[in-house]
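Inspection log for the structure reproduced underneath, given as structure tokens.
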Amino acid sequence: MTTVEEVLARALSMVGRGTLYWAGTGGLCPDAVSPAEALAVGREWPRLPLDQQAALRPLAVAAGLNVDDPDLVAPACDCSGYVCWALGISRKLALPDGRDLWINTDSIWEDATGAGLRFRKIDRAVEGCLVVYPKPEPGSGEDFGHVGLVVHTDPDGQATRIAHCSASNFGEAPHDAIKVNAGEAFKRHPRSVYAWFQGVPS
């Protein structure tokens, strides 16, 4: 059984490894040495909407990525893939009826604030818990929810250091999507909750 110490050690082992943020990637194989998958960025880039290409190109240049190279491959992951890997689970679970259940920010948040089958909502942050918010309402300016692992807390039970994988992390030098910081996005979002993964003893 995975312990809190193992989860945190695993999560922190990815900091500084130059992971690219790409929504929908990573976290499928919990036994892999990394949550990231080799993403064919050069082939995926032309498929992005032109407005996204325009917005992301300066960031790619700053990070030293030649997105016009069709052979460009980079290790990529998103927040849910990173967290699932750190917890030692796959983000895609096969259900008995043959369907796939994808673990993402929305499903984590819905479970934690509802049935609590895999993720149980807790009132105070503790090391090793998750902090998560779901996909915002239309018109908010955000396309996705977000999730991270709490690394450190204050005496009031608030997270002060969070390990998470995000585009904003990648946007700041050093260009690495996986960083440990204050996680300001979680503090700003009114629907952020702390959640405990039931597969880790508390």
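Considering helices alone, the calculated mean residue ellipticity of the chain at 222 nm is -6500 deg cm²/dmol, with DSSP H runs of length four and up weighted by -39500 (n - 2.57) and normalised per residue. Net length available on complete extension from residue 124 to residue 152 is 8.9 nm, with 0.36 nm assigned per residue and the Cα-Cα distance removed. Cross-link partners for residue 179 among the lysines, with Cα-Cα distance under 19 Å and sequence neighbours closer than 8 places in the same chain left out: 187. Separation of segment 116-187 and segment 1-57, taken as the distance between their Cα centroids, equals 16 angstrom. Partners of residue 92 within straight-line reach, counting lysines whose Cα lies under 19 Å from its Cα and excluding those fewer than 8 residues away in the same chain: 135. The string of couplings for segment 84-94 from the Karplus curve (6.51, -1.76, 1.60, θ = phi - 60°) is 4, 4, 4, 7, x, 10, 7, 6, 10, 10, 7 Hz, one whole number per residue in order, with x for Gly and Pro.
Short-range pairs are left out: with C-alpha atoms under 8 Å and at least six residues apart, the relative contact order of the chain is 25 percent.
Where a number appears in this text, it was derived from the coordinates with a stated rule and is not lab data. All of these numbers come straight from a predicted model, not from anything done at the bench.
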